[in-house]
Amino acid sequence: MSNTNSLTEHDHPSVLLPLLYVSAGHLLSSAGALTDEQLRAASLLPGWTRAHVLVHLARGADSRVRLLTAARGGADLPQYPDESTREEEIRQGALRDADALRVDLETSLSGLLQAIGSHPDEAWDVPVRWLGGGRRPVRGVLWSLLRELEVHHVDLAASYTPADWPAAFTDRELRTTVARLREEPAMPPVRISADGGTSDHSTSDRPGPLVRGAAAAILAWLTGRSDGAALTVDPPGALLPRVPAWRR
């Protein structure tokens, strides 16, 4: 079993489930404080209100319950029927009032956490059909949920910021994000050095500017949650590279 200072997608649920409960609790607290007017205001995601973000999280939780159900019973249940159905559910759901949105989110997250807690140990590596048609082990539900909760909580623009991300989440997600960007043709070469980090990162084998700063600030920039103003670039005067959009 891993400790929370070195999290990976393959950690045992007993490691990640407590973090998921804390993360969900913080999110629900923020969502519960939003008024109808505030929910209709813009989130950090272009074209989405805060209501859209909450519905996205609720439907994402339901979709992960489907994956866990498929893994347990052997049914070929996709995460979503297709991308257009996913988008329409979010669009329609965001029209509801604050009370309905909060109940929906709380119900969906509670159902998913219960499903995770009761999932058989022997069924965590069963491949299931994720959005886009790819088949991967259902174990991915764990880390992908933590990522969704933490990043989209910031997207609510309701006082929760990247500086509030748990250090274990930030460290692991920074490694994952850099690895993904190495496979992204549109990502320019850049070297990354996080304050207090044990190792540096690079998006390419080619030389590039060195970006320094707090791990959370770097991750926020790489995921489009910050303009990177808190970061420094070497050589002096160099501009921060443009980062490809993070898929929501």
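Name the pairs whose Cβ atoms lie under 6 Å apart, with the first residue in the stretch 183-206 and more than 15 Å from Val233 (Cβ to Cβ) and of a type in the set (A, V, I, L, M, F, W, C), the second modelled with pLDDT under 90 and surrounded by fewer than 16 Cβ atoms within 10 Å (Cβ to Cβ), and 6 or more positions between them or separate chains?
Between residues of the stretch 183-206 that are more than 15 Å from Val233 (Cβ to Cβ) and of a type in the set (A, V, I, L, M, F, W, C) and residues that are modelled with pLDDT under 90 and surrounded by fewer than 16 Cβ atoms within 10 Å (Cβ to Cβ), the close pairs are Ala186/Pro244; Met187/Pro244.
Please enumerate the residues belonging to the stretch 34-89 that are free of Cβ contacts under 8 Å to residues at least 12 places away in the same chain, among the acidic types (Asp, Glu) and outside any loop (DSSP other than H, G, I, E, B).
Glu37, Glu87, Glu88
Which count do you get for residues in the stretch 207-248 that are without any contact (Cβ under 8 Å) to a residue 60 or more places away in the chain and among the basic types (Lys, Arg)?
The number of residues fulfilling the criteria is 3.
Taking the stretch 19-67 as the search range and keeping residues that are of a type in the set (Asp, Glu) and open to solvent by 50 Å² or more (accessible area, probe 1.4 Å), which one is nearest to Ser118 (Cα to Cα)?
Across the stretch 19-67, the extreme among qualifying residues is Asp36.
For the structure I just gave you, tell me whether Pro207 is open to solvent by 30 Å² or more (accessible area, probe 1.4 Å), farther than 26 Å from Ala157 by Cβ and out of contact with any strand residue (DSSP E or B) (no Cβ under 9 Å at 6 or more places or on another chain).
It is false that Pro207 is open to solvent by 30 Å² or more (accessible area, probe 1.4 Å), farther than 26 Å from Ala157 by Cβ and out of contact with any strand residue (DSSP E or B) (no Cβ under 9 Å at 6 or more places or on another chain).
Does Ala70 satisfy being open to solvent by less than 60 Å² (accessible area, probe 1.4 Å) and closer than 21 Å to Pro13 by Cα?
Judged against the criteria, Ala70 is a match.
Are any of the residues in the stretch 8-31 out of contact with any Lys or Arg (no Cβ under 6 Å at 6 or more places or on another chain), closer than 23 Å to Arg172 by Cβ, assigned to a helix (DSSP H, G or I) and β-branched (Val, Ile, Thr)?
yes
Spot the failing condition for Ser84; the list is (1) modelled with pLDDT under 95; (2) under 15 Å from Arg64 (Cα atoms), and only one is missed.
(2)
The values are calculated or read from the model by the stated rules, or taken from the named source; none is laboratory data. This structure is a prediction, so every number in the text was calculated from the model and none was measured. Positions of Cβ are generated from backbone atoms using ideal geometry, with glycine treated the same way; all protein chains shown enter the neighbour counts. Quick note on the areas: whole protein, heavy atoms, side chains included, nothing else; ligands and nucleic acids left out. Shrake-Rupley method; radii C 1.70, N 1.55, O 1.52, S 1.80 Å.
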